[in-house]
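Notes to accompany the following structure.
Bear in mind these aren't lab numbers, they're just calculated from the coordinates by the rules spelled out. Fair warning: this is a prediction, and the values are worked out from it, not measured in the lab. Note that we place each Cβ from the backbone using ideal geometry, even for glycine, and neighbour counts take in every protein chain shown.
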Amino acid sequence: MGFLIVNDDEFPGKDQESVIHIHKDRCDGCSMCVDTCPTQALEIVPNRNRPGKHIVFVHPRLCKGCGVCQATCPKEALFLPGLSPENIRTYISKAVAEACQNSPV
Ligand code: SF4
Ligand code: SF4
């Protein structure tokens, strides 16, 4: 599975763990995430790997790593490192299992 980290740009001085990452194979450029970003860090641009298609681009210096956009993407194309959709599902499963174990009923 391929990841696109801010269109492969280098951004020295910024912790890459705190910038949203993109699953480049999942994003179809629908733009649903763009207006949810409080810092206007997201932009839809031509997908240089798929002529005629678009993809979201992250402006790394504007991204604050809040994760709001991740929650809005219907394709699960956005994620913060350590907070991937797979990790979130694992956390939720564990929390539900623990809650069931501790339930008095
Ligand atoms: S990241 Fe998700 S919501 Fe944003 S443009 Fe891509 S597919 Fe659409
Ligand atoms: S993580 Fe927050 S600041 Fe960064 S692009 Fe997404 S909504 Fe914007």
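Sequence-ordered 3J(HN,Hα) estimates for the range 39-54 from the Karplus curve with 6.51, -1.76 and 1.60 and θ = phi - 60° stand at 10, 6, 8, 10, 8, 8, 10, x, 7, 5, 8, 9, x, x, 10, 10 Hz, glycine and proline given as x. With one equal scatterer per alpha carbon and no solvent term, the Debye-computed log10 I(q)/I(0) for the range 57-105 at 0.16, 0.18, 0.22, 0.32 1/Å reads -0.58, -0.67, -0.83, -1.20. 3J(HN,Hα) along the range 18-30, derived from phi through the Karplus expression 6.51 cos²θ - 1.76 cosθ + 1.60 where θ = phi - 60°, amounts to 9, 10, 5, 10, 10, 7, 5, 7, 9, 6, 10, x, 5 Hz, with x in place of Gly and Pro. Ratio of Rg to Rh for the range 15-69: 0.96 [Cα atoms; Kirkwood radius as inverse mean 1/r over pairs]. Placing dummy labels 7 Å off each Cα toward the beta-carbon, the span from Ala71 to Asn49 is 2.8 nm.
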